[in-house]
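> My questions all concern the structure below.
The values are calculated or read from the model by the stated rules, or taken from the named source; none is laboratory data. Computed from a prediction, not measured in an experiment: that's the story for all the values here. Neighbour counts run over all protein chains shown; Cβ positions are idealised from the backbone, glycine included. Note: areas computed on protein heavy atoms with side chains; ligands, DNA, RNA excluded. Shrake-Rupley method; radii C 1.70, N 1.55, O 1.52, S 1.80 Å.
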Amino acid sequence: MASKVYLTAVLALVAATAAADVTLVYDEGDDPFKLRVRAGEIRIDDGSDSWQLYRRADNAIYSVNPDRNRYTRMDEDAAARIRDRIRTLRERMETRLAELPAAEREIARAALADQVPGFGASPEVDVTATDTREEIAGRACTVFQVRRGGKAEDQLCVASRDALGMTADEFDTVAVMFELMQTLLAGTGMEYVGLPYLELDGVPIRYQDGREGRRRTLSRVSHDTIPGLMFEIPPHYEAASPQLESGR
């Protein structure tokens, strides 16, 4: 009888541990980057004036601004509307360019490439795993090199879900969020801005921007239960429409 009670207790402990939420804290200090994950929902606090919420049930990403008591929702329908606006903007620009003398046309086109998403040629993005492995905050990770237009730029160290103690449901939530992010960028001409997360099969725990030198490194992992309110948008917040940015 005692052995059965012990086994039951162990199984209950394992089940409770497997169901725990995951919080990844990067650059812990006064202004850390926090990625909070539970099955079906993700919250990202990046130190800006807004925080991001992904809900798998909606397949949408919300940008929540507490200072303005408002939020914007980005889903596939919103992305399609933005793509339509970008296409219309490109067509308008092409019409105006066609009216210019040939010598001025290329100069104007080069200038517009820095202002209108996708107006210039977008560099091809690829990611390659290296043979280098590291340990960051006690978690093993594999170094990946990201190239844009054949030029080595970003470097990532990617940890598996097992190394981070994520359940399959939690990691699936991360994966489908990455998929949505890729879908939102598709057809905008800004695909190269995002990272090819779907090719990584894990979560980056170190990121280094090769262009600007920015770096983000995991400090710790927590499996404490995250209060449900962390994933709630206050009911009095107003919805705002996503805005199309004309520049980068």
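> Against the conditions (1) modelled with pLDDT of 95 or more; (2) open to solvent by 30 Å² or more (accessible area, probe 1.4 Å), where does Leu164 fall short? Just the number, please.
Only one criterion is unmet by Leu164, namely (2).
> Any residue in the range 207-222 that's under 19 Å from Val146 (Cα atoms): show its pairings with residues that are surrounded by fewer than 13 Cβ atoms within 10 Å (Cβ to Cβ) at Cβ separation under 6 Å, as long as the two are six or more apart or on different chains.
Sorted first by the residue in the range 207-222, then by its partner, the pairs are Gln208/Arg215.
> Show the residue pairs meeting these rules: Cβ distance below 9 Å; 6+ apart or different chains; first residue within the range 89-101 and within 9 Å of Leu112 (Cβ to Cβ); second residue open to solvent by 60 Å² or more (accessible area, probe 1.4 Å) and aliphatic (A, V, I, L, M).
Cβ pairs passing all conditions: none.
So that you can scan it fast, the table gives a plain yes or no per residue for (1) surrounded by 14 or more Cβ atoms within 10 Å (Cβ to Cβ); (2) under 21 Å from Gly202 (Cα atoms); (3) at pLDDT below 50:
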residue	(1), (2), (3)
Ser3	no, no, yes
Leu7	no, no, yes
Val22	yes, yes, no
Asp31	no, no, no
Gly40	yes, yes, no
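> Give the number of residues within the range 121-144 that are surrounded by 13 or more Cβ atoms within 10 Å (Cβ to Cβ) and β-branched (Val, Ile, Thr).
Within the range 121-144, residues that are surrounded by 13 or more Cβ atoms within 10 Å (Cβ to Cβ) and β-branched (Val, Ile, Thr) number 5.
> With open to solvent by 30 Å² or more (accessible area, probe 1.4 Å) and of a type in the set (Phe, Trp, Tyr) as the only criterion, which of Tyr62, Tyr54, Tyr26, Tyr71 stands out?
Checking each option against the conditions leaves just Tyr71.
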